Amino acid sequence: MQVMQSWGRLRADLHVVQRLAELPRAWPAGELPALAFGNGRSYGDVALNPGGRLLHTRGLDRFMAFDAHTGVIECEAGVLLDDIIGVALPRGWFLPVTPGTRFVTVGGAIANDVHGKTHRRAGTRGHHVLGLELLRSDGERITCSPQQRPDWFAATVGGLGLTGLILTARLQLVRVASEWMHGESRAFSSLAEFFALSADMERREDYVVSWIDCIHGHGDARGILFAASHAADAAPPPVATPPRRVPFTPPVSLVNALSLRAFNAAYFHRHARKQGPLRQHLLPFFYPLDSLLSWNRIYGPRGFHQYQCVLPRREERAATAELLSAIRASGQGSFLAVLKTFGERPGVGLLSFPLPGTTLALDFPHHGPSTLALFDRLDAIVRQAGGRLYAAKDGRQSREMFEAGYPRHAEFSTFRDPQLSSAMSRRIFGT
Ligand SMILES: Cc1cc2nc3c(=O)[nH]c(=O)nc-3n(C[C@H](O)[C@H](O)[C@H](O)COP(=O)(O)OP(=O)(O)OC[C@H]3O[C@@H](n4cnc5c(N)ncnc54)[C@H](O)[C@@H]3O)c2cc1C
């Protein structure tokens, strides 16, 4: 038995960990219910199975094929997005959709159907999966794609690891002219300005994301919007600087009301002063947090939550303002607060998270009941607006909240593998 944690470090549960070093020919033997574990970058309990087995997939790290003419890559599920970038970028290819860290596995990215800063143009990870192979606990191997057994594909993309073990996947990459990004950064001082600026920038640039100051203003928000596209730039990549690491867990969270206020004011004014043209290498543009390894330790031994919701277009303005008012009134929050809009493209998976509208994601140090009470208030606003929470970040939403947000949950349940279970599945499905 071994303690395994997710990125939020909110709990420390014992698991039987089975490390897979090669593609299994048969279902890995064991009595206890199992769950695949990728690289543990989900924040809550979607990748945890306390008292059960975790099938650790990082050893499944082989590439099977890469066609540098078509940008189609085939690999095992434990390959990291970082590994794909390492192989593909020097040959002029990049990931069409990437989350804010490159240290996630292909299997984990598919199981949460992750999104990036370009939903409006490129959809989610699942829109670029050409096919995958799934191993069920009864030994059946299911090869599925948008064309072949599409029902299994729709259940497995965004399927929270509950339909089987993803063994391999075939992915379409996107051509990029260089490793550089060109665009613009702009300060905004209200939500109305944010929505106007986003609409304008999304017409002009491929990637758009905003940082917001969650404690400033009354239900309004100031922030900085970053928008960019791949540049046709012949400049060589910069000399890579090795990432730094937070060396230990401090005894208390370094994020508190005082440090938050000071950091947010300094960050806003620094970026507002230098707003304008943006030119950056793509790694710091897409993955600013990856330059500080183990940054999740700064929240101290009690860990932290990320609250991420999406609000449908019709309600997005009023509900975002309401959420920000509630957060500000609580005095909680952190400097990691992101606002993005999603486009109209329908999700691939039965449980895919994005909806046409706006997504808000904020980190919160765990202060116990006061933090959980705030989340209940936020849930009520999200539910009233017809929104939903993102499973990759969640470790606490109720079954009622989940069912209200994901109307296809009953259909999804028919694809579940009876031997697979997680802390999250027991909470939101009852098994
Ligand atoms: C700094 C940071 C930034 C992030 N930014 C974003 C973002 O912008 N957008 C976004 O969408 N997400 C984002 N995330 C969340 C992250 O992309 C997802 O949680 C992702 O799924 C983590 O992948 P993982 O390999 O670590 O999987 P884990 O967290 O280990 O597992 C996630 C799920 O995948 C399942 N799984 C893993 N491997 C397999 C397999 N082989 N077969 C079947 N199921 C499997 C697990 O059972 C679990 O349900 C961010 C996370 C961090 C830490």
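Just so you know, all these numbers are worked out from the coordinates, no wet-lab data involved. Everything numeric here is computed off the predicted structure, so don't read it as measured data. Note that we place each Cβ from the backbone using ideal geometry, even for glycine, and neighbour counts take in every protein chain shown.
Those residues that are in a loop (DSSP other than H, G, I, E, B) and closer than 22 Å to Gly159 by Cβ, I need them from the range 5-30; list them, please. Within the range 5-30, Ser6, Trp7, Gly8, Leu20, Leu23, Pro24, Ala26, Trp27, Pro28, Gly30 qualify. How many residues does the range 368-387 contain that are outside any helix (DSSP H, G or I) and closer than 22 Å to Gly223 by Cβ? Counting residues in the range 368-387 that are outside any helix (DSSP H, G or I) and closer than 22 Å to Gly223 by Cβ gives 2.
Here Leu197 passes the criteria (1) touching a Ser or Thr at 6+ places or on another chain (Cβ under 7 Å); (2) over 16 Å from Asn112 (Cα atoms) except the one numbered (1).
Within the range 31-43, the set of residues being within 9 Å of the ligand (Cβ to nearest atom) and assigned to a loop (DSSP other than H, G, I, E, B) comprises Gly38, Asn39, Gly40, Arg41, Ser42, Tyr43. Filtered by the rule that a residue be touching a Pro at 6+ places or on another chain (Cβ under 6 Å) and either within 13 Å of the ligand (Cβ to nearest atom) or on the phi > 0 side of the Ramachandran plot (or both), the range 8-30 gives a lone residue, Gln18. Scanning the range 344-367 for residues that are part of a strand (DSSP E or B) and over 17 Å from Ala321 (Cα atoms) returns Asp363, Phe364, Pro365. Inspection of the range 349-366 identifies no residue that is surrounded by fewer than 18 Cβ atoms within 10 Å (Cβ to Cβ) and out of contact with any strand residue (DSSP E or B) (no Cβ under 8 Å at 6 or more places or on another chain).
The sole residue among Ser413, Ser334, Ser398, Ser422 that is over 23 Å from Ala111 (Cβ atoms) and either over 17 Å from the mean Cα position of the chain (by Cα) or of a type in the set (S, T, N, Q) (or both) is Ser334.
Give the residue that is nearest to Leu48 (Cα to Cα), with candidates limited to residues of the range 154-189 that are touching a Cys at 6+ places or on another chain (Cβ under 8 Å) and within 13 Å of the ligand (Cβ to nearest atom). Among those that are touching a Cys at 6+ places or on another chain (Cβ under 8 Å) and within 13 Å of the ligand (Cβ to nearest atom), it is Thr156.
Restricted to the range 110-152, and to residues that are outside any loop (DSSP other than H, G, I, E, B), more than 14 Å from the ligand (Cβ to nearest atom) and basic (Lys, Arg), which residue is surrounded by the most Cβ atoms within 10 Å (Cβ to Cβ)? Looking at the filtered set, the residue picked out is Arg120. Can you tell me which residue within the range 195-249, out of those that are basic (Lys, Arg) and free of Cβ contacts under 8 Å to residues at least 40 places away in the same chain, is farthest from Glu322 (Cα to Cα)? So, considering only residues that are basic (Lys, Arg) and free of Cβ contacts under 8 Å to residues at least 40 places away in the same chain, the one farthest from Glu322 (Cα to Cα) is Arg204.
Entry remark, the range 308-325: residues being assigned to a helix (DSSP H, G or I), buried (at least 17 other Cβ atoms within 10 Å of the Cβ) and either among the aliphatic types (A, V, I, L, M) or touching a Ser or Thr at 6+ places or on another chain (Cβ under 8 Å) (or both) number 6 in total. Per this entry, Thr371 is not counted among residues that are β-branched (Val, Ile, Thr) and within 16 Å of the ligand (Cβ to nearest atom). Quick check: is even one residue across the range 195-210 in contact with a strand residue (DSSP E or B) (Cβ under 7 Å, 6 or more places away or on another chain), farther than 27 Å from Gln419 by Cβ, away from the ligand (no atom under 16 Å from the Cβ) and assigned to a strand (DSSP E or B)? The answer is no, given that none of the residues of the range 195-210 is in contact with a strand residue (DSSP E or B) (Cβ under 7 Å, 6 or more places away or on another chain), farther than 27 Å from Gln419 by Cβ, away from the ligand (no atom under 16 Å from the Cβ) and assigned to a strand (DSSP E or B).
Conditions tested, residue by residue: (1) under 17 Å from the mean Cα position of the chain (by Cα); (2) aromatic (Phe, Trp, Tyr); (3) away from the ligand (no atom under 16 Å from the Cβ).
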position	(1), (2), (3)
Phe285	yes, yes, no
Ile298	no, no, no
Arg302	no, no, yes
Leu311	yes, no, yes
Glu315	no, no, yes
Ala319	no, no, yes
Ser325	no, no, yes
Ala329	no, no, yes
Leu339	yes, no, no
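The residue of the range 375-419 that is surrounded by the fewest Cβ atoms within 10 Å (Cβ to Cβ), among those that are closer than 23 Å to Ala34 by Cβ, small (Gly, Ala, Ser) and in contact (Cβ under 8 Å) with a residue 24 or more places away in the chain, is Gly395.
Among the conditions (1) within 27 Å of Phe364 (Cβ to Cβ); (2) of a type in the set (Ser, Thr, Tyr); (3) surrounded by fewer than 14 Cβ atoms within 10 Å (Cβ to Cβ), the only one that Thr241 does not satisfy is (1). For first residues located in the range 164-184 and without any contact (Cβ under 8 Å) to a residue 40 or more places away in the chain, partners that are surrounded by 24 or more Cβ atoms within 10 Å (Cβ to Cβ) and of a type in the set (Gly, Ala, Ser) and lie 6+ apart or on another chain with Cβ distances below 9 Å do not occur. May I ask you to list the residues in the range 310-345 that are over 30 Å from His127 (Cβ atoms), hydroxyl-bearing (Ser, Thr, Tyr) and touching a helix residue (DSSP H, G or I) at 6+ places or on another chain (Cβ under 6 Å)? The answer is Ser330, and nothing else. Taking each residue of the range 265-290 that is touching a residue at least 40 places away in the same chain (Cβ under 8 Å) and over 30 Å from Ile84 (Cβ atoms) and looking for partners that are among the small types (Gly, Ala, Ser) and surrounded by 15 or more Cβ atoms within 10 Å (Cβ to Cβ) with beta-carbon atoms closer than 6 Å, six or more apart or interchain, yields Ala272/Ala187; Gln275/Ser185; Gln275/Ala187.
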